[in-house]
Amino acid sequence: MRFLRTLWRFLVAIQLLPALEGGEETLVGGQAVLEGVMMRTPHAWAITCRKPSGELSSHSEPLERLSEKHKWMAWPVVRGLITLGHAMVLGFRALKFSANVQLDELQKNETGSAPAKKFEISGWIATVNIIISVGFFIFMYKYLPLVATTELKKAHPSLNGQISFNLIDGLIRLALFLIFICGTSLLRDIRRVYQYHGAEHKTVFAFENGDPLSTAEVQKYPTFHPRCGTSFLMTVMIISIFVYMIFPVTTFWARFALRIALLPVITGISYEIIRFAAKRRKSLFAIMTAPGLWLQRVTTRPPSDQQAECAISALDSAMEIEKVRGGELVIA
């Protein structure tokens, strides 16, 4: 039963992956995983998970900074796409590692010793779930809102205008997103993931403020951070409403194709807004990201000291590699 529960948690966490990770190539960030936290620095990443037995399991690796190899990857807007793609790949690897840590321990408990043939989250399972995740996103946040708005337009011809149609479409998209996020927060297992999400944010805050990475210091900070995937997704949802209004397409399939085609552009713009707002928290752009911070009251929860310990351990491990490969990391 616990075996299937771990698999189920993994599948749900994949759908939440964009909301859980905070991808930023030049700063410290991280992601909540199953019973643990992944932390990344510009040149390293590390993950620490707590096994069902209570022991910690850690893994760390050097990380290639893509913009140092290819200067064009550091261009505004483009860097957002590259960074997000890199973060998603890394985030999935971290989720897979955390799921396998839990599965390995559970299989040992059931047999009393290491089983002859262990079940793990393999490459093909990962690929299938990525495809499902992308399909879920397109269906839930692109197709369904467009279908609903098109049907509403038939009943209310006044919605046929470019501004009104895209505004209603955007509001439906936001409503579906909020329903999904709030619905998953009711699940006990996902609330634990959200606690680790809070631990990640608290630890990043402590590091950014130059405090010692101890449990007591980390726990003093809030769980809401401007460079969170939740804030990023909310910004994407809001910006897309205004971007779609610019293009005067009227047929259903033209509108659907436009939403798919413009997704990279909207993603890049949203990344720049989040990046700017994180550095200038009293700017107009920071006000635009406020809804994302409010939503973090759902996607983050106050962590226990043991959960904070996982985040601290992961960041310490990443910083050990960072000092060798990138030197001392200083937050301006």
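The values are calculated or read from the model by the stated rules, or taken from the named source; none is laboratory data. Keep in mind the model is a prediction, meaning the values are calculated, not measured. Glycine gets a Cβ as well: all are built from the backbone with ideal geometry, and neighbour counts include every protein chain shown.
Table for the structure above
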{"quantity": "Restricting segment 287-332 to residues that are at pLDDT below 90 and surrounded by 23 or more Cβ atoms within 10 Å (Cβ to Cβ), the residue that is farthest from ALA46 (Cα to Cα)", "calculated": "THR289"}
{"quantity": "Where a residue in segment 150-179 is at positive phi and its partner, wherever it lies, is part of a helix (DSSP H, G or I) and surrounded by 14 or more Cβ atoms within 10 Å (Cβ to Cβ), with Cβ under 8 Å and at least six apart", "calculated": "none"}
{"quantity": "Matching entry among GLU21, GLU35 (being charged (D, E, K, R), closer than 21 Å to ASN100 by Cβ, at pLDDT 80 or above and under 18 Å from the mean Cα position of the chain (by Cα))", "calculated": "GLU35"}
{"quantity": "Answer from SER53, SER67 - the residue that is more than 30 Å from VAL265 (Cα to Cα), among the hydroxyl-bearing types (Ser, Thr, Tyr) and either surrounded by fewer than 20 Cβ atoms within 10 Å (Cβ to Cβ) or modelled with pLDDT of 80 or more (or both)", "calculated": "SER53"}
{"quantity": "For ALA175: the one exception among (1) over 27 Å from LEU27 (Cβ atoms); (2) at pLDDT below 90; (3) assigned to a helix (DSSP H, G or I)", "calculated": "(2)"}
{"quantity": "Qualifying residue in segment 70-79 (condition: at pLDDT 80 or above, surrounded by 16 or more Cβ atoms within 10 Å (Cβ to Cβ) and within 30 Å of THR267 (Cβ to Cβ))", "calculated": "no"}
{"quantity": "Conditions (1) touching a Pro at 6+ places or on another chain (Cβ under 6 Å); (2) modelled with pLDDT under 85: number failed by VAL134", "calculated": "(1)"}
{"quantity": "Single condition GLY229 does not satisfy, out of (1) more than 24 Å from ILE266 (Cβ to Cβ); (2) crowded, with 24+ Cβ neighbours inside 10 Å; (3) not charged (D, E, K, R)", "calculated": "(1)"}
{"quantity": "Qualifying residue in segment 86-93 (condition: in contact with a Pro (Cβ under 6 Å, 6 or more places away or on another chain) and at pLDDT 75 or above)", "calculated": "no"}
{"quantity": "Residue within segment 107-125 that is within 30 Å of VAL243 (Cα to Cα), surrounded by fewer than 19 Cβ atoms within 10 Å (Cβ to Cβ) and either at pLDDT below 80 or not β-branched (Val, Ile, Thr) (or both) present", "calculated": "no"}
{"quantity": "Odd one out for ALA46, checked against (1) at pLDDT 80 or above; (2) outside any helix (DSSP H, G or I); (3) over 20 Å from the mean Cα position of the chain (by Cα)", "calculated": "(3)"}
